[in-house]
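Visitor: Supplied in structure tokens, the structure appears directly below.
The values are calculated or read from the model by the stated rules, or taken from the named source; none is laboratory data. Predicted model only: the values in this text are computed from it and were never measured. For neighbour counting, all protein chains shown are included, and Cβ atoms are generated from backbone atoms with ideal geometry for every residue, glycine included.
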Amino acid sequence: MSLKTNFLPALLLAVMPTVAMAEAVAPDDVVFEDDVIVASLTGADGNAVNGRKVFANRKQGNCLACHINADLKEQLFHGEVGPPLDGVADRWEEPELRAIIVNSKIVLGDETIMPSFYRLKNGARTAEKFQGKTILSAEQVEDVIAYLRTLKE
Amino acid sequence: MKRVKKAMFASGLLAFTLTLNPAAQADPDDDTLVIDGVEVITSAKGKEDGPLDELYSGWRFRSDETQSFQADDFENPAFVAIDQALEQFEVVEGAAGKACASCHEGGPEEFEGLRAALPRWNADTGKPETIQHIINECRTERMQAEPWKWEANEMLNMTALVGLQSRGMPVDVQTDGEMSPWYEKGKELYYTRVGQLDMSCANCHEDNYGNMIRADHLSQGQTNGFPVYRLKWAGLGSIHRRFKGCMSNIRAKPYKRGSDEFVALELYVASRGEGLAVETPAVRN
């Protein structure tokens, strides 16, 4: 038993990624330049396959609540509050997409209904469970961006 | 401007909505609500200086199936509650040895018009009162019985029965005089963005009514049908329960049922629907 415990740190080390990942930029430290965010929040490219899952997951991006997306036609009921996202990569550059997802208000204006997915200062009375938390993690934001970049017409 | 944008948007989406959204429709439908041969209006002109040009009952945003439940009192599942409340009306409770019927000898019909004018000012408490406040005041003061919880079945049933007496009558609440600061507070709450998702009531129910939000057809959030029988709840629920649900969805900490905030919001939302007919007990999904 004690042997096992002693081995645990070594085991953990072994499964840790060998390439050190750059630390994700904190929500309050994200730099907007002319309403876009050029640099990846994680310093790396996102994973489009996972981004598709985050996009559809009701407890994560839940993007289908408001947007039609024909690429996810296996999912019933797409909302129509925001614009359809078919061909979204033809209309927006990556730094623009990143800015809209991180803080929609910077790009679309204060009146937009769209949530800001990587911002700490949100509406009043945020439920305790969600206080001090962003809707998506930096990795999830980058994954969604990578996925959106596949949506071309 | 908004209307034009909406119409263009809708036609552009038609191809998609037909396949992805079986229930989608961009606007309230044109159906007419007739209950027992009597038409209950489900739309009205908005006030000149009001935020909405045209007012629509939530009934107009529901599917034909859900609508049909409300068009026939024998189909309306809320009428079980009405029957129970009619029995309760006769039950003696409390130290004073009284039932509702002991004072209200004319029966529930005495309350015709009351629901349409709520919340109203109560000079004794110095606050607006809702139907729940009025019922509980009767229970504690006149009957010397225990008050009912806001969302207790007995309370829901009785608010439905009292509300039914005003069915078809236009909502008309006092917003000036003593009610003015409450109206202003409710208005402020309506337009305040809350929660991690950072949305106000207006984002959905003023700017986006008629649009689908996932499988849900956004209505104007009118309160003229409450308490409503909600299929999702499989039972009746109060206005404040619905407010709480909306706030939780936005990941905000909801106010409490019966709180000053929700009473103020109830007043303000009622005022936005002035001219619509009371539909209590309505059926929604």
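Visitor: Here is a check on your reading of the model: is A:G51 surrounded by 15 or more Cβ atoms within 10 Å (Cβ to Cβ) and away from every other protein chain (no Cβ under 13 Å)?
Guide: Here the answer is yes, as A:G51 does meet what is asked.
Visitor: Give, as residue ranges, the helices (runs of 4 or more DSSP H) completely inside the stretch A:56-153 that count at least 1 residues that are touching a residue at least 60 places away in the same chain (Cβ under 8 Å) and over 15 Å from the mean Cα position of the chain (by Cα).
Guide: A:88-91, A:104-108
Visitor: Would a scan of the stretch B:250-258 turn up a residue that is touching a residue at least 60 places away in the same chain (Cβ under 8 Å) and away from chain A (no Cβ under 13 Å)?
Guide: Yes, the stretch B:250-258 has at least one match.
Visitor: Give the stretch B:239-284 a look and list any residue that's polar (S, T, N, Q) and crowded, with 24+ Cβ neighbours inside 10 Å, or say none.
Guide: Within the stretch B:239-284, just B:T280 meets the criteria.
Visitor: Residue check: is B:A96 among the small types (G, A, S) and either at pLDDT 95 or above or part of a loop (DSSP other than H, G, I, E, B) (or both)?
Guide: Spelling it out, B:A96 is indeed among the small types (G, A, S) and either at pLDDT 95 or above or part of a loop (DSSP other than H, G, I, E, B) (or both).
Visitor: Among (1) over 18 Å from A:V31 (Cβ atoms); (2) more than 9 Å from every other protein chain (Cβ to nearest Cβ), there is one condition A:V107 misses while meeting the rest; what is its number?
Guide: Result: A:V107 fails condition (1) only.
Visitor: I've got another one for you. Kindly provide the set of residues from the stretch B:222-231 that are in a loop (DSSP other than H, G, I, E, B) and either within 14 Å of another protein chain (Cβ to nearest Cβ) or hydrophobic (A, V, I, L, M, F, W, C) (or both), ordered by number.
Guide: B:F226, B:L231
Visitor: Counting just the residues of the stretch B:57-93 that are buried (at least 17 other Cβ atoms within 10 Å of the Cβ) and of a type in the set (G, A, S), which one comes out nearest to B:S219 (Cα to Cα)?
Guide: B:G58
Visitor: Moving on to the next point. State yes or no: is B:T66 of a type in the set (S, T, Y) and more than 30 Å from B:S180 (Cβ to Cβ)?
Guide: When the stated conditions are applied, B:T66 passes them.
Visitor: B:Y209: within 14 Å of another protein chain (Cβ to nearest Cβ) and among the aromatic types (F, W, Y), yes or no?
Guide: Against the criterion (within 14 Å of another protein chain (Cβ to nearest Cβ) and among the aromatic types (F, W, Y)), B:Y209 qualifies.
Visitor: Something else now. Could you tell me whether the stretch B:251-258 includes any residue that is hydrophobic (A, V, I, L, M, F, W, C) and not in a strand (DSSP E or B)?
Guide: No, the conditions are met nowhere in the stretch B:251-258.
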